[in-house]
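The block underneath contains the structure these notes are about, expressed in structure tokens.
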Ligand code: PRP
Ligand code: URA
């Protein structure tokens, strides 16, 4: 996008359709959870389209041939707790060999600053492609903090997959981590005074886990 060179919007019709269902306040918890997983899977399909492949020799029932397989890339999915958890299973269905790390962060409701409480990611961090997962990019504080922690731990290649992004969050990522591409299903209008994305979909963690 011209304003945000770090942002790629994934506008596949199926993603748009499922995102509208996700935004709807009447969507129940189970459907919300299923939709987050399905959208994450569709996003991963698009985000991985540049993965290098290498030749592989194989025998079909009829003859020998050279096929292709994804070249020994080490991928790691890193959901930001809690809401990022909803994106993991869908992506693992496409990339079952990916490792999974976890970063625990929550926003202080008054200051909107991220508070970290957990960090565990796979080793060989310099060689891995990390997919940081969080459905919501609001102020960007959580995603920026997660990237900083990942880089301090040795990560060199990080992509952020979020479902709904606010301009404020994309800008924050551009300023703090311009090397991290941001992939989103939608770029929404703005944040409200409480740091919620408008029109958004509400509190992703609460809607995923039914905690409100
Ligand atoms: C939500 C969301 C992001 C963060 C985005 O998590 O899942 O992690 O807010 O906001 P930001 O861009 O302004 O940092 P929340 O802090 O509500 O934690 P939870 O998932 O544990 O409820
Ligand atoms: N976190 C959410 O879950 N939703 C928002 O709109 C903003 C931050």
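The values are calculated or read from the model by the stated rules, or taken from the named source; none is laboratory data. It should be emphasised that the depicted structure is a prediction, and the values quoted were computed from it without experimental measurement. Heads up, the Cβs are rebuilt from the backbone with ideal geometry, glycines too, and the neighbour counts pull from every protein chain shown.
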Original post:
Which of the following residues is at pLDDT 95 or above and surrounded by 22 or more Cβ atoms within 10 Å (Cβ to Cβ): 154, 200, 140, 210?
Top reply: 140
Original post:
Got a sec? Which of 105, 187 is surrounded by 16 or more Cβ atoms within 10 Å (Cβ to Cβ), at pLDDT below 95 and farther than 30 Å from residue 72 by Cα?
Top reply: 105
Original post:
Of the conditions (1) crowded, with 19+ Cβ neighbours inside 10 Å; (2) under 19 Å from residue 9 (Cα atoms); (3) within 15 Å of the chain's Cα centre (by Cα), residue 181 fails just one. Which one is it?
Top reply: (1)
Subject >> Qualifying residue in the range 139-159 (condition: within 15 Å of ligand 1 (Cβ to nearest atom), out of contact with any strand residue (DSSP E or B) (no Cβ under 6 Å at 6 or more places or on another chain) and not in a helix (DSSP H, G or I)) >> reply: yes
Original post:
So, of the residues in the range 168-198 that are farther than 23 Å from residue 115 by Cβ and without any contact (Cβ under 8 Å) to a residue 60 or more places away in the chain, which turns out to be farthest from ligand 2 (Cβ to nearest atom)?
Top reply: 179
**OP:** Pick out the one residue from 201, 174 that is closer than 17 Å to residue 8 by Cβ and not in a strand (DSSP E or B).
**Re:** 174
Original post:
Where residues in the range 91-138 are more than 15 Å from the chain's Cα centre (by Cα) and under 18 Å from residue 165 (Cβ atoms), which of them is farthest from ligand 2 (Cβ to nearest atom)?
Top reply: 114
